[in-house]
Every structure is written in structure tokens, then in C-alpha cells.
Amino acid sequence: MEAGRAPRIRAVGRALPTHYADQETLIAAFRDAWAGAHFNVERLEELHRAVQVSGRHLAVPIEQYKELASFARRNEVWTEVAVDLGEAAVRAALQRAGLAPREIDHLFFVTTTGIATPSIDARLVNRLDLRSDVRRTPIFGLGCAAGAAGIARASDSLRAFPDQVAVLLSVELCSLTLQRDDFSIPNIISSGLFGDGAAAVVLTGGARDIPEDGAAPRVAATGSVFYPGTERVMGWDIVETGFKVVLSAKVPEVVRDHARHDVDRFLAANGLGRSKIRHWIAHTGGPKVLKAFEETLELPAGALDRSWKSLRETGNLSSASVLFVLGELLESNEVNEGDHGLLMAMGPGFCSELVLLQW
């Protein structure tokens, strides 16, 4: 497809729950909850501080979590909050793009932290007063990779329908998946790393008018990589109490083993090398994951500063995390015409998703 006909990212909207707790408050809450279970609370504090998160936004007030004992009740709250946050994120993105809800032709929805039928995108049709012929595509289970994958799938749709508008919505309420009786290291790390939030991305097809300010990057290419035999690297075990985290210590190792080859092959297929990428947009997988990206890709100093900042301020927001980083970049004044950017995320499968952007 000609560059001028490629889909464009017009805007990113973000929404965070109003309830917030700094990491020390969260550590104290976990200490109180788990001290009587003969858990090593010193180890808890060590692991929580190691993830370098200063605090997180929470779906509900911190004192309310003890009342959410069952999976059914937590998922009920997830549905309620997801609709509210999702609406806020979509409206913010549309306002930035200068578009109205009824101009949306296709709504994509990604999540990994709750389930609902009708899905959250369906529940937003009335909230947002979308057209009755709007197409909807809910996607579940791609975890942290879903933000990048959602942009890719939305851009695929717009290549087929270049006169249309697509919106990708990600809502992740990780705090509502916590297993309070699971004292495993993966659950302890997750309880300190993952936060709650929503992000929406507005994309327009190549036949639509191009913004005069030139700030809307083209989705030049997308790529997916699946790593066979890695299903237990990351994901959920579905248990009676809900989603029990699967989180292997091998995640940074997978990054080191595969990221350079995958990125170089993807860029070479598009006539580029790593030195031509000015903007690196990585999901906030945690300190070890971000360091692995920096080292294996030999990134220049500061290349992932936005990802590090997002990790510190809000934690890992799963599929929404890379979209938060993208939003920060789009709202900066640091992009110039002709710049290339690479958006990348990894998630359950185990897999990688790559999106090449050009301004």
C-alpha cells in the first residue's frame, strides 16, 4: 500500500481510576493481610520495592478489596468500572482527534483482566450513542501484547476500508485479579507491579483527510511472532477464585533470546535498521524486561525513558501500558516529519507484537 494510503493514528485517550495508593500504603495493606499466614513479609517488601513502582490507581478504594471475596463479585465490579473507564478513555481520544462518537465505524476492545457478555464494547454502544451498524471486535487473552496487537488489527481493518474510523479500547483492572491466598513469588510480584487503567486509540483510514499539523503517524507495517513451547511463560490459570497468575522468571530471558532477531528481521523487511528508529515505544513489563530491551537492542541512552516513567507512575497496565507510552509521545513536541517509531509489546503465548510508525 502507498504510504499516503496507510492508516493513521490520530489520538490516544487515557483514563485512570480516581482511587490511588502509593506503594508504601500498598505494602502496608499487604503486610496486614498476609502477616498472619506465616508469609515472609520482609520478602514481600523487597519484591514490591524492586519493581520500582511508586504507586498505582485502583479500581475501587483500597479498603473495599477485602469485601470482594468471590470471583463473581470481583468480576461484577470489573464490568462496572470497565464501562466507566472505557467511556472516559474513548471520549478523551475522540476529543483529541476532533471526531464524534457516531463517526466510529469499528470498535475493537482488548482486555485480560475480566469477562463480560455482552462485552464492554457492546455496553458502550448506548453509553457513547454509537451508530447501530458499528462493527465490534472484542479480543481477550493477549495480555500486555494486546495494545500493540489491537493497533495492528485495527489498521488491518482500515487497509480494507480506508474511508473509515476505527477505535481501539483497552481496559485493564489488574487489582481485581489478585489472589489473596496465593503466596507464590509470581503473585507477590504481580501484586506490586500491575495497576489499573484504560486507553483508547483513534485510527483513520488512508482515504480520510490528513491532519494539517502532521502529528498523526502512519501505521507503516505490523508484525507478530509466536514462540512455540512457551505457553507457561505468562498467563492465567483459571481457578475457583478467578485468575491465578502464571509469570515465569524467564520473561527477560525470552526478550534477550528473541527481541534483537525479531526486530531486525521486521525492520529489514521494511528497508530499515535499528539506527533509523528515532522513537522506541515499549510496554512497561517491569525493570528486568525494560533493561533486557535496552541491552539486547543496544538502544541509545534515554530511548525508553517514557516507558520507565510510566512504570514508576502507574505500574504495568498490561495491554494499556504501551498505549499510555504512545500517548505521551504523541503529546510531546519531539517528533518530526519523516521520523520512524517502533511500538513493541510481549504477552501470553508467549508472543511479540511489533508496529512500525512513520510521521
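The values are calculated or read from the model by the stated rules, or taken from the named source; none is laboratory data. Keep in mind that this is a model prediction, so the values were computed, not measured. When we count neighbours, we look across all protein chains shown, and the Cβ atoms used for this are built from the backbone with ideal geometry, even at glycine.
Say whether the condition of being under 27 Å from residue 283 (Cβ atoms) and of a type in the set (Gly, Ala, Ser) is met by at least one residue in region 102-114. Looking for residues that are under 27 Å from residue 283 (Cβ atoms) and of a type in the set (Gly, Ala, Ser), one finds at least one in region 102-114, hence yes. Consider region 300-335 and keep the residues that are over 18 Å from the mean Cα position of the chain (by Cα) and touching a residue at least 24 places away in the same chain (Cβ under 8 Å). The one that is farthest from residue 221 (Cα to Cα) is 334.
Looking only at region 326-343, how many residues end up being within 21 Å of residue 294 (Cα to Cα) and in contact with a Gly (Cβ under 9 Å, 6 or more places away or on another chain)?
5
The single condition among (1) over 30 Å from residue 264 (Cβ atoms); (2) part of a loop (DSSP other than H, G, I, E, B) that residue 198 does not meet is (2).
Being touching a strand residue (DSSP E or B) at 6+ places or on another chain (Cβ under 7 Å), in a strand (DSSP E or B) and more than 28 Å from residue 314 (Cβ to Cβ): is that true of residue 221 here? So residue 221 passes the test. Residues in region 233-261 that are over 18 Å from residue 176 (Cβ atoms) and either surrounded by 19 or more Cβ atoms within 10 Å (Cβ to Cβ) or touching a Cys at 6+ places or on another chain (Cβ under 8 Å) (or both): 233, 234, 251, 252, 254, 255, 259.
Within region 178-195, residues that are free of Cβ contacts under 8 Å to residues at least 60 places away in the same chain and assigned by TED's automatic domain parsing to the domain that holds residue 69 sit with their Cβ atoms under 9 Å from residues that are of a type outside the set (Val, Ile, Thr) and part of a helix (DSSP H, G or I), at 6+ positions apart or across chains, in these pairs: 190/174. A residue that is surrounded by fewer than 19 Cβ atoms within 10 Å (Cβ to Cβ) and hydroxyl-bearing (Ser, Thr, Tyr) occurs nowhere in region 88-111. Here residue 284 passes the criteria (1) among the polar types (S, T, N, Q); (2) buried (at least 21 other Cβ atoms within 10 Å of the Cβ); (3) farther than 30 Å from residue 70 by Cα except the one numbered (3).
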